[in-house]
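The next block holds one structure in the form of structure tokens; read it before the comments.
The values are calculated or read from the model by the stated rules, or taken from the named source; none is laboratory data. Small disclaimer: the values here were computed from a predicted structure and weren't measured. Cβ: placed from backbone, ideal geometry, glycine included. Neighbour counts: every protein chain shown. Heads up: the accessible areas ignore ligands, DNA and RNA and are worked out on the full protein's heavy atoms, side chains in. Shrake-Rupley method; radii C 1.70, N 1.55, O 1.52, S 1.80 Å.
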Amino acid sequence: MANPWAGEVAIWLDGQRHVAKLTLGALAELETALEAGTLIDLVERFEAGRFSTRDVLALIVAGLRGGGWQGTASDLRTVEIGGGPVEAARAAAELLARAFAMPGET
């Protein structure tokens, strides 16, 4: 089970459960993947519902890597994400919220 107090979110890839977490290293990787803008810009896009599939993919990859997964964005092109694109977007938003929330806020 993912530990929300530690910022963890469960993500299912091809029927296998993975724990995702935005560690400091994962956040740095995420900033690099975004190429433009800041994490604050990303948070604002999610809050306004203006996020892109690229934003979702970058968050999922960074979170999975923060949880110990060794894959890349290209590895996700052929996997089935449990719950589909809607669940991927929800998980991405949850990762972002948990990374910047005080314990008990999410």
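Here region 17-74 has 55 percent of its accessible surface on carbon and sulfur atoms, given a 1.4 Å probe and all protein chains in place. Under a Gaussian network description of the chain, with springs only between Cα atoms under 10 Å, the residue in 73, 58, 88 that fluctuates furthest is 73. Among the trypsin sites (Lys or Arg not before Pro) in region 31-106, those placed in a DSSP loop whose Cβ has at most 13 other Cβ atoms within 10 Å are 50. Among the GluC sites (Glu not before Pro) in region 38-106, those located in a DSSP loop and surrounded by at most 14 other Cβ atoms within 10 Å of their own Cβ are 80, 105. Each label was represented as a point 7 Å from its Cα along the Cα-to-Cβ direction; for residue 73 and residue 45 these points are 1.0 nm apart. Would you please calculate the Kirkwood hydrodynamic radius of region 7-55 over all C-alpha pairs and express it in Å, rounded to one decimal? Answer for region 7-55: a Kirkwood hydrodynamic radius of 12.3 Å. In the complete set of protein chains, residue-level accessible area for residue 61 is approximately 20 Å², probe 1.4 angstrom. Hydrophobic, long helices, defined as DSSP H runs whose alpha-carbon span along the helix axis is 20 Å or greater and whose mean Kyte-Doolittle value is at least -1.0, occur in the chain at 84-99.
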